[in-house]
Structure formats: C-alpha cells, structure tokens
1. How big is the C-alpha Rg of the range A:253-308 next to the rule-of-thumb value 2.2 N^0.38 Å, as a ratio?
2. Please sort A:283-291, A:160-168 by packing, taking for each peptide the average over its residues of neighbouring beta carbons within 10 angstrom, highest first.
3. For a footprinting-style exposure proxy, rank A:329, B:74 by other Cβ within 10 Å, fewest first.
4. With a point put 7 Å past each Cα toward its Cβ, work out how far residue A:430 is from residue B:21 in nm, to one decimal.
5. What's the average, rounded to a whole number, of partner chain beta-carbon atoms within 10 Å of each residue's beta-carbon in B:21-33?
6. Is the shape of the range A:146-302 rounded, prolate or oblate, going by the alpha carbon gyration tensor and its root eigenvalues a ≥ b ≥ c, with a/c under 1.5 for rounded and a/b larger than b/c for prolate?
7. So which of A:244/B:100; A:307/A:402; A:243/A:486; A:189/A:382 end up more than 24 Å apart by C-alpha?
8. Please state the equivalent ellipsoid semi-axes for the range A:210-333: what are the square roots of 5 times the Cα gyration tensor eigenvalues, largest first, in whole Å?
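Every read-out reported here was derived from the displayed coordinates using simple, explicitly stated rules and does not represent laboratory data. In this text, all values refer to a predicted model and were calculated from it rather than measured experimentally. Cβ sites come from the backbone with ideal geometry, for glycine too, and all protein chains shown count toward neighbours.
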Amino acid sequence: MFTCKAVWNKLAPLAPLARASSTLCRQGGKRAAVFRHERRPPLVQQAHMSSGPTGGGGENAIYLVLVGAACLGGGVYVYRTVSGDKARYEERVTQISSRLGSPAAQPDAPVKTQPEAAASEPAPASTAAPVEPTPAVSEVPAHAPYLLIGGGTASFAAARSIRARDPGARVLIVTDEADLPYMRPPLSKELWFSDDPAVTETLRFKQWNGKERSIYFQPSSFYVSPMELESVENGGVAVLTGKKVVHMDVRGNKVKLSDGAEISYDKCLIATGGIPRNLQVIERASEEVAKRTTLFRKIEDFKALEKVSHELKSITIIGGGFLGSELACALGRRSADLGLEVVQMFPERGNMGKVLPEYLSNWTTEKVKKEGVKVLAEAVVKNVSYKDGQLEIKLKDGRAVKTDHIVAAVGLEPSVELAKSAGLEIDSDFGGFRVNAELQARSNIWVAGDAACFYDIKLGRRRVEHHDHAVVSGRLAGENMTGARKPYWHQSMFWSDLGPDVGYEAIGIVDSSLPTVGVFAKATAKDTPRAATEQSGTGIRSESETEAVAGPIAGPIAVGTAPAPPPQQKEDYGKGVIFYLRDKVVVGIVLWNVFNRMPIARKIIKDGEEHADLNEVAKLFNIHED
Amino acid sequence: MSYCKQEGKDRIIFVTKEDHEAPSNAELVEDDPNDPYEDHGLILPNGDINWNCPCLGGMASGPCGQQFKDAFSCFHYSKEEVKGSECVDYFRSMQECMQKYPELYPQEDDSESAPSGGAEAAPADSTSTDSASVSVPASEEAAAGTESPATS
C-alpha cells in the first residue's frame, strides 16, 4: 500500500485518472495486480500528453520512440507479472483444494500398523529398521496437542516433563531417524569400552555405578503407537520414526511431513539438533574419499565405525574437540588388540585446545598419545585424495598421512531448515533458532537442545551442544509448554573422559581464550610415593619422575616463599579446579579429576560474584579428598 | 607449601592438603528457598509433589504414570497413623498396571518397591537435582536427568 501511494503521488500530476485509480488502489484486494494495472494509465497518459503539446519535427519523433519503448517495456513487464501471478494463484488454489481433499482420502487402517508399531523391538533384539511397512499416510495422526519435532535427548526430556506436569497429556514425537530416542554420549565412550562382542546390536553399556543400561531412554513398550495416541486413556508419548518435518505453518498451527501428511498441534517444540559438519576439502574430494569418511553422530555411524575398526588398518580422526578426542581415545585403547593405527589431527596446539588452557591442553595431549593415538597437532588439511587403495591426507605444512578411513569431528551445524517456512529467527553469531530466556521462539513454539540459541540470564546469549543441556533445556521447554514460564536458570554441565587418567566435569562458559586460574593438588615430600599417586589421582606410570623430583625440590619451597617451580614437564595436573573468568567474575569451572562437586560449582556460577582470592573459592571443593 | 605460576593469561596454583585445611573465607550468596526460578527437589516449597523431579525417573510420565501419581499423592497427603494405609487400592492398581509392562517395571522389585517406593521417596526428598535416583524400579535411571552416566 505504501509503495503504491508513493509511486502514485509522483505520478499524480500526470494522470487525470488519479482519483479513480487511487480508489482502486486503496481497495486493495489483489494488491499487486491492482498496482500494476494502475501504473499503466499514467504511462499511457504521459505518452499522450507529451506527443500532444510539444508538437513539431524530429525531436518529437525521438521522444515518441523513447516513450513508446518505455511503454512497450512496461507493458511486457506488466503482462508477465500478471500472468505469473495468475499462474501462482491457480497453483495455490489447486494446492489448497488437494489438501482439503487428502484427509478424506486417508484409508483407515490403524489396526494393521498397530501391532508393528507397538510391539516393535524388545531391547535385546535388533534395534534398527522397524518392522513397519513403507510409510502410509494412515500412520500419521492428524492432530497432536503436543508436537515435538526431533527425537533426540531434548525432545525426550520435554516429553517426560510434559507428561509429568499435564496429566493425560498426549505427546507426539516426530523424528527422521529410524530409532527411538537415545542418548549420544555412550556412542563415543562407554559403548567402545564394552567387552560384549554383540554391543553393536544390544547397545548396552555399563555405568559408573556398575549397572548396565541401554542407550535408549526407554524400551519401545514405554511408547504408545501414534494412531492410538488420541484415544488411549491416560495419554502417552508416541514416536513417529522415519518422518521428516519439512514445512511449518505457524499461522495454521500445523506442520507438513516429507510424505505430504499434515499434523496440526496446540504446542510445538523444535528439537531438531544438528548434522555434523564436514571439511570443505572432503566435500570437494572424490566419491572414493566420501565413501571412506564418517561424520559421526548417530547409532548407524557408531555401528559403521565399529565395523570398520575391525576391518581396516588405519583410521584418522580429524578434529581435536570432545568428539574427536573421545573417539581417538576409544579407538586408541583398542588399537593394540585390533592391530589398528589411530591418528588424530587438528589445527589447535593440543587436544581440547579451545576448551582447556594451554598447559592443560598439552598435558591432555600427552595422555591421549599414551592411549595409543598418533597425534598431529597444528595440522590443517589441505586436500584429501584416494590413491592406491588408501586415502592420502595432505596438510598445509607439507606433512602427509596415509590412512584407510577418516572420521570428521569438526563441529555441528544446527538444523534450522524450518526457520524459513515458520518465519523463525536464526542467530547469526551462534547459529540455531533464536529464542528468549524461556526458550520460546513464538507464542506456541519452543526450541530446545543443540538447535536453540537462547538467552541465559547469567551468562548471556549462547548455544550449547552438550547432553546435559539438552536434558535441562528439554525439561524446561516441557515445563513452559505446560504453563510454567520459567527462564533458563539451572545451569547445565558437561563432562568428558579421555582414557583412565583424564576425566573432568565442567559447567558454564569454558572457553580457553578466557583468563583462567587453576588450583591443583600438589603432592608433598611428606607423602609416600604411593600416597602421592593416590592423592593426585593419576596413574602410576607418570609418577616415577615426579616423585624423584618432588623430594629435593620440596625442601627449598618449604623454606622460602619465592616460587621455584620444578621443570614444566614434570608438572602433574592430577586433580584440581580451573576457574574461567570474564571481567573478574567466574563464568566457567572445570573440575579436573574431582567428582561429585558439581553443586558447588553451579552455586559459584549462579552467584556471579567477584572473588578476590580464587584459592579460597577452590577450598570449597576439597580437591585433596576423593 | 603451595606455589603459583603464571603462563600468559593463565594462572596456576599448586596447593597441598595443609594449605587447604583452613576453612574457606570465600563468601557465597545466601540462597532464597522460595526462588521461583530454582529447580526444586521432590517436594515443592508449597508442599506439593514435584512430579518433574529427576529423582523420580520416568515414574510419573510412563504408561502407569497416572496410577503412580494417584498412589503417591494419596500417600503424601495421608494423615493416618500408619501413613498411606488408606491408599492400598491405589497402590494395587498401580501394581497391576506395572505388571503389564515388565520391561519398564522389572517384576522382582515390584512387590517391595511399589508401596515402599512411595515410603522411601518421601523422606529421601532431595533438594539437589543432581542427586542419584531413589529406589524406583524404572528401567531407566536419572541418567536422562541432570546426572551424567560418568559419575555415580
């Protein structure tokens, strides 16, 4: 309307038809068409008027030609646009009418699909490929009061939260994976340490308390079948597997699946997570390279890599963060038994280089090497090619690595394809859907997990890609979907294990670019070597040097106050606490080989106070005890 | 004696056990027990049961969730001398429901923990959501809660 008026104001002096056309304009209706229609008269008028009064000779002719050409161009443009609009309109009308037709066309065969969906897999049996037939529209319920897009950790946590708070709630989870909701951390840790040769089938692992469990949050008997969801007495959670939501109609409160089916909802959660990033050099490389590259995230990736680890001689992991380092350590541990060479390469100077301060990153790298991994730090991949049955990775500094298989662990790309159709905001700094402190994107839409860029009241806007965050944010989203209106407050934590010597838990913003203060437990000369080993919590083999040095050094240190630190490489960061500071406030804490202290760490971050002496704060953690 | 060193922006302090023996003088902000934002344990400040407590695992959200909630609520608000004595019917229907899902509610625990699960869960109400799960027979534990599988 505004542009219409603006243009019109410019042309007003020329057109006697101004009044008539502007009323047409104001009436709106098919605005675009009207706008274009009313543009025609002034152009025509213009031509008319200019050829009239000026009169005379060649000038006039040129003028006429120019104006005629403009008129013609305008006419062609208008014609094209109008016919394009018409075509679009007709297409839209047919689309709408087909949509109205399709629910009526749904064959009602819930009985057939029910036994398969409900009785799918008892836990020990095969977990992949559900028995269901090719997806028929009849399997999809038309409406779900609570619709959760994505079937991962955040989604499951939300489902549980909704069911806990809204009695009889009917929750539908739609996932494009073939599996029921499961947890990811064991895929790169515990599952690799299992002694069970059938672990790729059972997907069971042993927890720290000795008890075994499946990576699936719940066996299939926990869920109701999607077609039963609307009728089952006390409600329940249903999972629609192998279906991708491709379009979201926020105004109409409904989504469209890849097979054309539509589901309407009252409240919706987007928990689409992300897909692993790939290196550009690998994307550009040949099909042979692509065949031998794993982007690790799902159960099928674990199964494929596990299989490959038995068959091949050399695996290279590109990436030095959590996933890369954990996989390297997991494979490294097996390397001796399997006769497998495990290489890990990354651009940073040490493992976890973006998370741990340099001294700790270096120390960790040494530990990773001891797990049997060949670590290549400061390695930037220039290109990858397939040669003589092997992959050749060429680095920018000239080094080259020949390997049989590549695992790329270079980050996660949040899945935000729905943003376009849903009209949701994407965050340009962190990626992901932008949501407020209550995880809400729009009135009926929440986002949780890896895909959510949310406002953390304490730490600022961020996006977190950890398991516990998925649980915490999923639970919070579920609470808010049932009316709680609570902001993100309970700070999530994360953890990582890199072999028997390095296990840490962390909370908050743990970024190695921040200034840090690390407080570590020191072994004293008084302690016996054995006690010192136990106290510092490290393995036996690294201690022999430390003990020899600690004796004579401890003397001068005890007497004098001047710090005379022993040579760096003898330093043993066995146990401690590392504080990450931003403007003198602790925003992140890493508990290094000390466990069960997370509540204290959480409290310190929640307080957000400036502490003058962080050693005093460290005392709260009691690092010398187990 | 402890010592410290500086590596660029990172400070490293090594401390002995003796150094840390003296109590800390770090000041922590006092917690508001009625903070609406905080996660609460099993019992909310107003006395109601927090069905969303990670400590309950999936008990309140599973197929037998409604029966569990009825039984446990009855027990919680019971004013009888023998707490929960009037709730036997609720517990029975909960048990019947659980028997239909042996995978989710392992049978050998059922007879003990169905009534006692309620009894133990009440006094064991945790104010910290990190704490391990109560003796609930659910096959999945609070590993899906804030507790990580890596720590007990």
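1. For the range A:253-308, the normalised Cα radius of gyration comes out at 1.68.
2. Descending mean neighbour count gives A:160-168, A:283-291.
3. B:74, A:329
4. For the pair residue A:430/residue B:21, the computed spacing is 4.5 nm.
5. Per residue, the average neighbour count from other chains is 5.
6. oblate
7. Checking Cα-Cα distances, A:244/B:100; A:243/A:486; A:189/A:382 exceed 24 Å.
8. After diagonalising the Cα gyration tensor, the semi-axes are 37, 22, 13 Å.
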